[in-house]
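Asks: Next up is a structure, given as structure tokens.
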Amino acid sequence: MGCVQSKIKIDVGVDKEDNDIYHDAADSLLNIESWRDYPEQALVNDMSVDRRERAYWKSLLAWAPPALAKKESKEEDAAHTVTLEDSYELLAKRIIRGEIEAALPPEKNSIRIFLSSTFNDYGAERDLLLRDVLPFLKFFGSKFGIDVVISEMRWGISDESVKENRTIELCMNEIEHCRNVSVGPFFCLMLGNRYGYRPPPPMLSVSEYNDALQRAKDEENEQVLLALQSVYRLDNNLRPPSYVLLTQSVDNTSHKESIGNTITKLIRYGKGESNSYKPPSNDTQLHQELLTDFFDPPSVTEREAMNGFLSSNHQDTDKHELAKKVGIFHRNIEKYDGPHSSKYHDEFEEQLDDLKFRTKKFAVDGAFFREYQVASPVDEDVESYLLEFSNDFCQWIVKSIIDIATKRAELSEGGGQSTSLLLLREISIHHAHAQRICVGREGIVRHLVQH
């Protein structure tokens, strides 16, 4: 596990006489566990230097898939090819028969990684990944036909989407997109000392809504009852019909600050500390604050983790295969009471500790996992942590690219790209295209076949 306990030496460059230290690094890369195992004097840790010019990372650019040992006989080559083709035999027959719905899975040529974290306290890490790590990964991946993309939702969610309460929907859709298109890792979870934003449910089924109403009545909670009736509306256009959260109407910053005390009263009422205040029925945001306390929902970050890999919906998935596509980074900042301390801590420590425990437990199945201890978010220790974090992230994806490139080389040289399979893949492309643009005439075809 990564642990920032001592300062990492910062070097401004590597002299020419040190070249022999890392000259053969690319040849022995598979024997190097991580960048930490590289000779310290060959590391360039100045983050102002392009990563492609830092000694260790520069050496990786010379890597190529190792040459495979020659087969002893043509018979062994043929047997290997047949074995590969046999796995496609039934599907191949359907493809050759012209069944449009039959096609080989499309080849994936991108690694698209969804970044999941709270926003306010992880700005430095996100910026560093985009500015320093991503350009290197794109350059390295391009050598093997792999495009690396980091999905950054700080710019993927418009103000209009936030007002329409579509934040969670957009994030979940993007996670699924990353899962579907990525040939390797697709999810990176970064957990610090904040549990994060907890919006009320954007949608409730009819039964869930009625249960909430009944609970509010049973608890004689008039404020929640009013809030439920004010901010949820039945949408009969949905199938099945459901109650959806209304668009937020309050977006003026000064007005939000002026109603801070009102929100506090609402939250206290939800905790049973006050019963004298009723929110105005036309203020959607205030009602949502109250409903957040009433429903006690998980944070957006936890929902992303659930959708990405923690949910029971993934029980049918091979845990080890899923874990190999997930990276988990925990950052623990010692209690910080300085300026803007709320940026780094919130009140939901119990929920955060539980989420960290579950994600750490999941990592046992093979996820890339690192944990860092940072004394303070404002001293020199942060620079050491950021360097370590960025190097770990880069190493994670580089190793994934190497694994993919190596397997493809083995498949190609081992007979996996035989003429038969290439033909099936070509037909599959046409089938996929036909499914998008062709409208079937099953009745006419059936009549012709019977005739």
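The values are calculated or read from the model by the stated rules, or taken from the named source; none is laboratory data. Just so we're clear, the structure is a prediction, and the values are computed from it rather than from any experiment. Using ideal geometry, Cβ is built from the backbone for each residue, glycine included, and neighbour counts are taken over all protein chains shown. All accessible areas refer to the heavy atoms of the entire protein, side chains included, with ligands and DNA or RNA removed. Shrake-Rupley method; radii C 1.70, N 1.55, O 1.52, S 1.80 Å.
Asks: For the full complex of protein chains and a 1.4 angstrom probe, list 398, 378 by accessible area with the highest value first.
Replies: 378, 398
Asks: Compute the FRET efficiency between residue 343 and residue 205 as 1/(1 + (r/R0)^6), taking r as their Cβ-Cβ distance and R0 = 41 Å, and round to the nearest 0.05.
Replies: On the way: r = 36 Å, r/R0 = 0.88.
The formula returns an efficiency of 0.70 here.
Asks: Quick check: Cα centre of region 105-125 to Cα centre of region 188-227, how many Å?
Replies: 28 Å
Asks: Another question, if that's okay. Just to verify a number: FRET efficiency for residue 180 and residue 442, C-beta to C-beta distance, R0 = 25 Å, to 0.05?
Replies: Values: r = 28 Å, r/R0 = 1.13.
My answer for the efficiency is 0.30.
Asks: Then there's this: Apply 1/(1 + (r/R0)^6) to the Cβ-Cβ distance of residue 53 and residue 235, taking R0 = 56 Å, and write down the FRET efficiency to the nearest 0.05.
Replies: Values: r = 55 Å, r/R0 = 0.99.
Between residue 53 and residue 235 the formula returns 0.50.
Asks: Rolling a 1.4 angstrom probe over the protein chains, ignoring ligands and nucleic acids, what is the accessible area of residue 167 in square angstrom, nearest 10?
Replies: 30 Å²
Asks: Projecting each Cα onto the charge dipole of region 118-233 (Lys/Arg +1, Asp/Glu -1 at the beta carbon, about the Cα centre), which of 155, 207, 182 comes out farthest on the positive side?
Replies: The listed residue farthest towards the positive side: 182.
Asks: In region 309-407, which GluC sites (Glu not before Pro) are in a loop and have at most 11 other Cβ atoms within 10 Å, using DSSP for the loop call?
Replies: Details: sites: 321, 334, 347, 349, 350, 371, 380, 383, 388; in loops: 334, 347, 380.
Qualifying residues, ordered by number: 334, 347, 380.
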